[in-house]
Every structure is written in C-alpha cells, then in structure tokens.
Amino acid sequence: MVSLNLFFNQLFQIITKISINDVVDMMIIAYIFYKILMFIKDTRAEQLFKGVVILLVATQLSGIFKLHTLYWILVKILEVGFILPFIIFQPELRAGLEHIGRNTSIRKLGPQAASKYDMDLIESIESLLDAVYDMADKKIGALVVIEGKTKLNEITETGTKINGEITKQLICNIFVPNTPLHDGAVIVRNLKVLSAACFLPLTQRKDLSKDLGTRHRAGIGISEISDCLTIIVSEESGKVSIARSGKIYRNIAKERLFNILREFEEKRHENNFGFIKDFIKKN
C-alpha cells in the first residue's frame, strides 16, 4: 500500500511539472511516430518494427527479473542490430526521404501554391474529362452525376458500391457496352466514384427536344430534385451535355466543362468548410 501511494505521489509530481513546451514536444513526437507507422504499414519494415518492439520489451523484462545472461545477450543484439535496419531497408528509407522531399518543397510553402485539395481536384477533374471525351469520341453513352450539397443516398443504393478514386480507366471500364455496370449512372461524391449502375428518375417535362433519349431525360430528372451537376455523353451523336437545376446545356467543350466542374466543386467545398476559413481569418 505504501509503495502504491509512493507511486501515485511520484506520478502526480511528474504531471505537475509538465509545461506547455513538454506537451507540444510530446505531440510532435507522437505525430512523427504516427507518420512513420502509416508509412511502413503493410511493408516489410512493419514486421521488423514489431520484432524490435518485442526485443525491447524482452530486454526490459529480463532486466527487471534479473536474468543477467539473457539481458546481456539482448543488449548486445540491440547494440549490433541498431545499424542493420538502415542496411536492410535502404530502398524503403530512400523512398521515404524522397516522399518527404516531394511533400515539403519550398514551392508548396509559398502563398501562391495550390493546396493539396486543389491539386487533387484538378487531377480528378482531368481524369474524369479524359474519360468523358474519350467515350464521346468512341460514341459510348455515359451518365455521371456529381453530387452537390444534397446527398443522393437513395440513388446510390440502387446501384453497386465502388468508393474508388476517379481514374480514366475506371470510368471508361464502367461504361463499356454490354458490361454489368454500363447501364445506369455513376455517382461521384467528394472526388470519388461512390456508386455505379444507379437508376435515376426521368424528367416529366414535355417541352424537351425529341432527339433527347432516356439518358438525357434521366440526367435532367436528377438535376430537378437535387443540386447536382450531371454529365451526359450521347451514344448517337458523341456530344457531351450537362444538366443542372432542371436545364440541359448541350455540346459542351472540354475546356469549358473543366471550368464548370472546378467552380462547382470549389463552391461545394467552400460551403462545407467555409466556417473554418472564416474562423481562421477572424483569428
């Protein structure tokens, strides 16, 4: 009981001596260890790290229980083995340093540098448009719904969940004729392909052109009940159209559609995180 009280007294003394600098120091170290663990996850280095942890625990236990011979052997192994990871995992270490260099370049620290979101946005839009206009050239019909603030959960449940990154290969493969997912719409949420082969409600408008088929009417229909932006590729003409707020805009050029999509996503992103930006500006 006395030893337990002594332990808590010592623990309390240590806690009371912790300053803000100590807290910041611990947070930085914790973050560094977290990034290291994420970097080595599912690699050969992960198994080595587990082995080192086990070895350290075994060394401490052998010292506590006064297993002198075992303790001496483990200490020597640790002393000699400290340099081995740097030799064995030289390629991984080099790749890690290159990764750090790419993500902390001076150019990215400048005021004119694009944020990670901006770079991801541009890359996703370019991949999507490459797929859309490649399918347009080949006259492959396609229907892509870019979700706005209104969630389309009921629509996504009618299709097949994918939750994958936007790539030209993925989009094109989905709409290849006579494949399981080609008949329906792709739903995009937060720069990811959320679901494919989704069924959309058809517009009931009677004033539409007679040459607009089911795909175009579905694209208009979903835009009437949400704030989404729909991209439609005609398999008859190979023209690209967009639907928004119940209206359709036909024969859209690639450069114009890039600007439309970028503005649409940036506004959606600002609506979601605008309060954070306002807080930062005020403080």
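Nothing in this text is a laboratory measurement; each read-out follows from the coordinates by a stated rule. From a predicted model like this one, the values you see are computed outputs, not experimental measurements. Cβ atoms come from the backbone with ideal geometry, glycine included; neighbour counts cover every protein chain shown.
Worth pointing out:
- With a cut-off of 9 Å between beta carbons, the residues surrounding residue 127 carry a summed charge of -3, where Lys and Arg count +1 and Asp and Glu -1.
- Centroid-to-centroid separation of region 13-35 and region 149-184 [C-alpha atoms, Å]: 46 Å
- Sequence-distant aspartates and glutamates (8 or more away, or on other chains) whose Cα lies within less than 16 Å of residue 138: 130, 235, 236
- Above-threshold pairs, the threshold being 29 Å between Cα atoms, out of 35/254; 35/267; 149/247; 17/76; 35/151: 35/254; 35/267; 17/76; 35/151
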